[in-house]
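Enquirer: Sharing a structure with you now.
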Amino acid sequence: MKGTFPTDKFRELRTPFYYYDTKVLRDTLDCIRKETAKYENYAVHYAVKANANPKVLTIIRESGLGVDCVSGGEIRAAIKAGFPASKIVYAGVGKADWEIELGLEYSIFCFNVESIPELEVINELAAAKGKVANVAFRINPNVGAHTHANITTGLAENKFGISMEDMERVIEIAQGLKNVNFVGLHFHIGSQILDMGDFVALCNRINELQDKLEARRIRVEHINVGGGLGIDYTHPNRQPIPDFKSYFETYDNCLKLRSYQTLHFELGRAVVGQCGSLIAKVLYVKQGTNKQFAILDAGMTDLIRPALYQAYHKIENITSDETPETYDVVGPICESSDVFGKAVDLNKVKRGDLIALRSAGAYGEIMASGYNCRELPQGYTSDELV
Ligand code: LLP
């Protein structure tokens, strides 16, 4: 089944562009609200890194989620979209001084700290402003995830977080510093995870760590398990809303949350992935040796995921009903990896047809680049195109 798109409206727009179906986005947000309401102390933060389009951010803010930021720029984007600073968490292995200062000025909810030197700098900068910064430690749980190597983050070999062995020492250091307030632990094992067993493994690890801390009478108010819930790239229409029910149930069943603790989530892809498509125009159909190419006006500069992670995005010709033929779908960039899909069956393609690259709402527009001096793609919502 093909997606439904306002193709007449699309004809008026300059391609390539991102299209966000706000009904899918709002339905997804409603589902998150409904599923988390079952539990008393679950707080979901949207991971801005997945998509910082201001119109998308506004809809997410209206739904009441908090945000997870990884740079000063994202903090600014979140504040601009109206998210309260009290719902901002800020992570990242390399926070620059100005970024920490920005977080301090806004009195954001929490810095997710990834090293001792960073903790010391936050303490110093907070002292200079006469503030006390809430900090959580990002612990590297050494838990693998069944996902692409480039988006696995929770293994000891990855650059992220503080090792489990150092956890207690770091908490003790924090307790001795005047301008930081230790409030929680933070984890994130990877992205595009569909096997709930990976989250179970994370829960088990957190349970062990919590027991250790409890034995030493260290109180942890907030547990943040990061994000990572994947989406169905193969069938975007069959399951446009990810299985949030199972996801939250997994944590409810497996994580031994203390009564006074709040459980935080940082979901990116699962919130925005399925609402977005990259819409491109066919420039040429070229006959190659033993194959034909559909050459689009969108390339890896607009959607880098296939080139960078060999990611699959469903491709549809949304302006043709003719009998399908097989194409390699490629972009115009001067790189051999500028390929969206090989041997793809598409309704017969001709110059001028519109092509949708589905499930591109997350890590699409935001990862676009100006390579080859190309313009960045615009993003439109379905609300604007009625
Ligand atoms: N929290 C932390 C600490 C993270 O590092 C990430 C993603 C998230 C939350 C959100 O993860 P999500 O729920 O979206 O899986 N560009 C790659 C994905 C990189 C993910 C980086 N960290 C891609 O296009 O697949």
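Enquirer: List the number of the failed condition for residue 78; all other conditions in (1) outside any loop (DSSP other than H, G, I, E, B); (2) modelled with pLDDT under 95; (3) not hydroxyl-bearing (Ser, Thr, Tyr) hold.
Expert: The failed condition is (2).
Enquirer: Residue 93 is checked against (1) assigned to a loop (DSSP other than H, G, I, E, B); (2) out of contact with any helix residue (DSSP H, G or I) (no Cβ under 6 Å at 6 or more places or on another chain); (3) more than 19 Å from residue 125 (Cα to Cα); (4) of a type in the set (A, V, I, L, M) and fails just one. What number does that condition carry?
Expert: With (1) assigned to a loop (DSSP other than H, G, I, E, B); (2) out of contact with any helix residue (DSSP H, G or I) (no Cβ under 6 Å at 6 or more places or on another chain); (3) more than 19 Å from residue 125 (Cα to Cα); (4) of a type in the set (A, V, I, L, M) applied to residue 93, the lone miss is (3).
Enquirer: Okay, moving on. Provide a single number: the residues in region 308-322 that are within 16 Å of the ligand (Cβ to nearest atom) and either in a strand (DSSP E or B) or open to solvent by 30 Å² or more (accessible area, probe 1.4 Å) (or both). Show your work before the answer.
Expert: Initially, region 308-322 is screened for residues within 16 Å of the ligand (Cβ to nearest atom), giving 308-314.
From what's left, either in a strand (DSSP E or B) or open to solvent by 30 Å² or more (accessible area, probe 1.4 Å) (or both): 308-310, 312, 314.
Matching residues across region 308-322 total 5.
Enquirer: Taking region 22-51 only, how many residues are open to solvent by 40 Å² or more (accessible area, probe 1.4 Å) and within 23 Å of residue 366 (Cα to Cα)?
Expert: Here the count works out to 4.
Enquirer: Turning to a different aspect of this structure: Applying the selection to region 214-251, what residues are hydrophobic (A, V, I, L, M, F, W, C), open to solvent by 40 Å² or more (accessible area, probe 1.4 Å) and within 16 Å of the ligand (Cβ to nearest atom)?
Expert: Residue satisfying the conditions is 241 alone.
Enquirer: Within region 21-45, restricting attention to residues that are closer than 19 Å to residue 227 by Cβ and hydroxyl-bearing (Ser, Thr, Tyr), which residue is farthest from the chain's Cα centre (by Cα)?
Expert: The extreme case among them is 39.
Enquirer: Do you know which residues across region 185-196 are away from the ligand (no atom under 11 Å from the Cβ) and crowded, with 21+ Cβ neighbours inside 10 Å?
Expert: The answer is 185, and nothing else.
Enquirer: Of the residues in region 292-306, how many are surrounded by 24 or more Cβ atoms within 10 Å (Cβ to Cβ) and assigned to a loop (DSSP other than H, G, I, E, B)?
Expert: Selection size over region 292-306: 6.
Enquirer: Restricting attention to region 324-372, which residues are touching a Lys or Arg at 6+ places or on another chain (Cβ under 8 Å), charged (D, E, K, R) and in a strand (DSSP E or B)?
Expert: Once the filter is applied, which keeps residues that are touching a Lys or Arg at 6+ places or on another chain (Cβ under 8 Å), charged (D, E, K, R) and in a strand (DSSP E or B), region 324-372 yields 325, 328.
Enquirer: I've got another one for you. Would you confirm, using the coordinates I've provided, whether residue 292 is more than 12 Å from the ligand (Cβ to nearest atom), under 16 Å from the mean Cα position of the chain (by Cα) and modelled with pLDDT of 95 or more? Steps first, answer last, please.
Expert: Details: more than 12 Å from the ligand (Cβ to nearest atom): yes; under 16 Å from the mean Cα position of the chain (by Cα): no; modelled with pLDDT of 95 or more: yes.
Taking the combined requirement at face value, the residue does not satisfy it.
Enquirer: Determine whether region 63-71 contains at least one residue that is in a helix (DSSP H, G or I) and touching a residue at least 12 places away in the same chain (Cβ under 8 Å). Full working, then the answer.
Expert: First, pick out the residues of region 63-71 that are in a helix (DSSP H, G or I): none.
So far as region 63-71 goes, no, none of its residues is in a helix (DSSP H, G or I) and touching a residue at least 12 places away in the same chain (Cβ under 8 Å).
Enquirer: Just to be sure, is residue 321 over 17 Å from residue 305 (Cα atoms) and over 26 Å from the mean Cα position of the chain (by Cα)? Show your work before the answer.
Expert: Details: over 17 Å from residue 305 (Cα atoms): yes; over 26 Å from the mean Cα position of the chain (by Cα): yes.
It is true that residue 321 is over 17 Å from residue 305 (Cα atoms) and over 26 Å from the mean Cα position of the chain (by Cα).
Enquirer: Here's something else I'd like to know. Restricting the search to region 93-120, which residues are hydroxyl-bearing (Ser, Thr, Tyr), away from the ligand (no atom under 16 Å from the Cβ) and either closer than 16 Å to residue 162 by Cα or surrounded by 15 or more Cβ atoms within 10 Å (Cβ to Cβ) (or both)?
Expert: To start, the set of residues in region 93-120 that are hydroxyl-bearing (Ser, Thr, Tyr) comprises 106-107, 115.
Filter again for away from the ligand (no atom under 16 Å from the Cβ), leaving 106-107.
Matches in region 93-120: 106 only.
Enquirer: Specify which of the listed residues (150, 123) is touching a strand residue (DSSP E or B) at 6+ places or on another chain (Cβ under 7 Å), in a helix (DSSP H, G or I) and either at pLDDT 95 or above or open to solvent by 10 Å² or more (accessible area, probe 1.4 Å) (or both).
Expert: 123
Enquirer: Taking residue 375 as the residue in question, decide whether it is in contact (Cβ under 8 Å) with a residue 60 or more places away in the chain, at negative phi and among the charged types (D, E, K, R). If you could, list the steps in order and put the result at the bottom.
Expert: On the way: in contact (Cβ under 8 Å) with a residue 60 or more places away in the chain: no; at negative phi: yes; among the charged types (D, E, K, R): yes.
Answer is no for this residue.
Enquirer: To continue, here is another question. Taking the residues in region 252-278 that are part of a strand (DSSP E or B) and buried (at least 24 other Cβ atoms within 10 Å of the Cβ) as candidates, determine which candidate is farthest from the ligand (Cβ to nearest atom). If you could, list the steps in order and put the result at the bottom.
Expert: Of region 252-278, the ones part of a strand (DSSP E or B) are 262-267, 276-278.
Among the residues that remain, those that are also buried (at least 24 other Cβ atoms within 10 Å of the Cβ) are: 264-267, 276-278.
Values: 264: 10, 265: 8, 266: 4, 267: 5, 276: 12, 277: 15, 278: 13 Å.
Within region 252-278, the match that is farthest from the ligand (Cβ to nearest atom) is 277.
Enquirer: Let me ask something else. Between 142, 158, which is open to solvent by less than 40 Å² (accessible area, probe 1.4 Å), at pLDDT below 95 and not in a helix (DSSP H, G or I)? I'd like the intermediate steps shown before the answer.
Expert: On the way: 142 fails: open to solvent by less than 40 Å² (accessible area, probe 1.4 Å).
158 is the lone residue from the list that is open to solvent by less than 40 Å² (accessible area, probe 1.4 Å), at pLDDT below 95 and not in a helix (DSSP H, G or I).
Enquirer: So, in region 335-368, how many residues would count as being away from the ligand (no atom under 16 Å from the Cβ) and over 16 Å from residue 316 (Cα atoms)?
Expert: Residues in region 335-368 being away from the ligand (no atom under 16 Å from the Cβ) and over 16 Å from residue 316 (Cα atoms): 3 in total.
Enquirer: When only residues in region 75-88 that are farther than 19 Å from residue 264 by Cα and either aliphatic (A, V, I, L, M) or within 15 Å of the chain's Cα centre (by Cα) (or both) count, which is nearest to the ligand (Cβ to nearest atom)? Please lay out each step first, then the result.
Expert: Our first condition is that a residue be farther than 19 Å from residue 264 by Cα; within region 75-88, this holds for 76-77, 79-82.
Checking the rest, the ones that are also either aliphatic (A, V, I, L, M) or within 15 Å of the chain's Cα centre (by Cα) (or both) come to 77, 79, 81.
Values: 77: 15, 79: 19, 81: 17 Å.
Applying the filter and picking the extreme gives 77.
Enquirer: When residues of region 350-373 are filtered for being among the hydrophobic types (A, V, I, L, M, F, W, C) and open to solvent by less than 10 Å² (accessible area, probe 1.4 Å), how many remain?
Expert: Just the residues of region 350-373 that are among the hydrophobic types (A, V, I, L, M, F, W, C), to begin with: 354-357, 360, 362, 366-368, 373.
From what's left, open to solvent by less than 10 Å² (accessible area, probe 1.4 Å): 354-357, 360, 362.
Final tally of qualifying residues: 6.
The values are calculated or read from the model by the stated rules, or taken from the named source; none is laboratory data. What you see is a predicted model; the values in this text were computed from it and never measured. Quick reminder, even Gly has a Cβ in these numbers, built from the backbone with ideal geometry, and neighbours come from all protein chains shown. Just so you know, the surface numbers come from the protein's heavy atoms only, side chains and all, with ligands and any DNA or RNA stripped out. Shrake-Rupley method; radii C 1.70, N 1.55, O 1.52, S 1.80 Å.
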